[in-house]
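Below is one structure, written out as structure tokens, with a few remarks after it.
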Amino acid sequence: MSSPATQPVIVGIGEWLDRPADPRDGLEPVDLMLRAARVAEDDARAPLLQQVDSLDVVNLSSWRYRDSPGLLAECLGIEPAHRAYGTVGGESPLRLIQEAAERIIDGQSRVALICGAESQSTVGKAAAQGITLPWTHWAEDGPAPLRGHTLVHPLAAALGCDRPATVYPFYETASTAHWGQTPSAAQRESGELWSRYARHAAGNPCAWLREPYSPADVTTPSEQNRWIAWPYTKRMTANPQVNQGAAVLVTSLALARRAGLPEERLVHIWGGVHANEPGDFLARDHYWESHAQSTVLESARHLAGGVFEAMELYSCFPCVPKMARRALGLPARFEPTVTGGL
């Protein structure tokens, strides 16, 4: 364990939802991050934003800026020594928090801010209505995220298997067979699992969708729940049509104490683990398990002393928390989330 001077703690979190009646009134991603950052500072109960010397921005897909961290820093009126723009990946927010914690441990940073936001709901509605959004100019020369055909094998791209919704079914069907399930049994497990996520989301004021869907609501196709790609309906997949921003403030235990923050409000960052699968999914040896996931889960369990009091198993698709449950040896009925996941 680090000394108080270098022990990283989360001191503030902020979230912001935007539901404009008119797309022209919608907040662009940098504004969502700015508001979330200020909520995080209010949550910390200390004026920390002006002390931020480390700023990380999660990769954006709904809008392109030439320099997202630089623009956010300008809006905040700060000049952090470390400014970084993350790569695409569902694990990236956790990884950025871990890397910020490591900089505090190494004495390279005192106060770190990690932000992310998307405004795809507004962007999509504006496009459908032919509205030009009065936002920061779309940067044609800004960093374009690596996605789809830029990541997979050319053969997979040629056959149309170049999006998450067409790749994760490989894992869904392979794991179903490996676990000796019928397709209907696998769907039931997915529906029951996603229903538990929905129940938690229903009680979360920052969730975009707050309907407590039943397992049947999740898995039964309908006009409101169309097929995406077998075996996934719309309610079984990630929803990109949101306007949401989030921010996390991390500092040292010593600085938090000097700022007078109550000990019971500090979240100690105990540790983190990161691993990668080959980017080309055809280079992976099988699809009923993720070696990277199993490795990080086992390592995290070791860091936690073998016991978790709460979990947040992020995923765009049900097969991932289903694999995580088995990797951790958890019973079929377990609570995979405290926030509602996706």
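The values are calculated or read from the model by the stated rules, or taken from the named source; none is laboratory data. Keep in mind it's a predicted model, so treat the numbers as computed, not measured. Cβ sites come from the backbone with ideal geometry, for glycine too, and all protein chains shown count toward neighbours. Remember, those area values only see protein heavy atoms, side chains included, never the ligands or the DNA or RNA. Shrake-Rupley method; radii C 1.70, N 1.55, O 1.52, S 1.80 Å.
A few comments on the model shown:
- Qualifying positions in segment 302-317 - free of Cβ contacts under 8 Å to residues at least 60 places away in the same chain and either within 16 Å of residue 186 (Cα to Cα) or open to solvent by 60 Å² or more (accessible area, probe 1.4 Å) (or both): 302, 303, 305, 307, 308, 309, 310, 312
- Given (1) modelled with pLDDT of 95 or more; (2) under 18 Å from the mean Cα position of the chain (by Cα), number of the condition residue 124 does not satisfy: (2)
- Selection status of residue 197, out of contact with any helix residue (DSSP H, G or I) (no Cβ under 8 Å at 6 or more places or on another chain) and either of a type in the set (Phe, Trp, Tyr) or under 21 Å from residue 313 (Cα atoms) (or both): yes
- Any hit, segment 274-290, residues being touching a residue at least 12 places away in the same chain (Cβ under 8 Å), within 17 Å of the chain's Cα centre (by Cα), in a loop (DSSP other than H, G, I, E, B) and under 20 Å from residue 248 (Cβ atoms): yes
- So residue 246, is it modelled with pLDDT under 95, within 26 Å of residue 34 (Cβ to Cβ) and not acidic (Asp, Glu): no
- Subset tally (residues that are over 22 Å from residue 32 (Cβ atoms), open to solvent by 50 Å² or more (accessible area, probe 1.4 Å) and in a loop (DSSP other than H, G, I, E, B)) for segment 80-109: 4
- Test: residue in segment 224-232 that is in a loop (DSSP other than H, G, I, E, B), touching a strand residue (DSSP E or B) at 6+ places or on another chain (Cβ under 7 Å), among the polar types (S, T, N, Q) and at pLDDT below 95: no
- Checklist (1) surrounded by fewer than 21 Cβ atoms within 10 Å (Cβ to Cβ); (2) among the polar types (S, T, N, Q); (3) closer than 14 Å to residue 113 by Cα applied to residue 54, failing item: (1)
- In segment 44-57, residue nearest to residue 77 (Cα to Cα) [restricted to those that are charged (D, E, K, R) and without any contact (Cβ under 8 Å) to a residue 60 or more places away in the chain]: 53
- Selected residue [closer than 20 Å to residue 151 by Cβ, open to solvent by 30 Å² or more (accessible area, probe 1.4 Å) and not β-branched (Val, Ile, Thr)] from 283, 332: 283
- When 321, 331 are screened for being in contact (Cβ under 8 Å) with a residue 60 or more places away in the chain and under 21 Å from residue 178 (Cβ atoms), only 321 passes.
- Residue-level check: of (1) on the phi < 0 side of the Ramachandran plot; (2) surrounded by 17 or more Cβ atoms within 10 Å (Cβ to Cβ); (3) at pLDDT 90 or above; (4) under 20 Å from the mean Cα position of the chain (by Cα), residue 342 misses just (3).
- Filter result for the condition that a residue is of a type in the set (Val, Ile, Thr) and open to solvent by 60 Å² or more (accessible area, probe 1.4 Å), over 320, 267: 267
- Of the candidates 295, 251, the single residue that is within 20 Å of the chain's Cα centre (by Cα), surrounded by 12 or more Cβ atoms within 10 Å (Cβ to Cβ) and at pLDDT 95 or above is 295.
- Within segment 171-199, considering residues that are without any contact (Cβ under 8 Å) to a residue 12 or more places away in the chain and open to solvent by less than 30 Å² (accessible area, probe 1.4 Å), the one farthest from residue 277 (Cα to Cα): 185
Per-residue answers, yes or no, for (1) hydroxyl-bearing (Ser, Thr, Tyr); (2) touching a Leu at 6+ places or on another chain (Cβ under 9 Å); (3) in a loop (DSSP other than H, G, I, E, B):
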site	(1), (2), (3)
293	no, no, no
302	no, no, no
310	no, no, yes
322	no, yes, no
330	no, no, yes
339	yes, no, yes
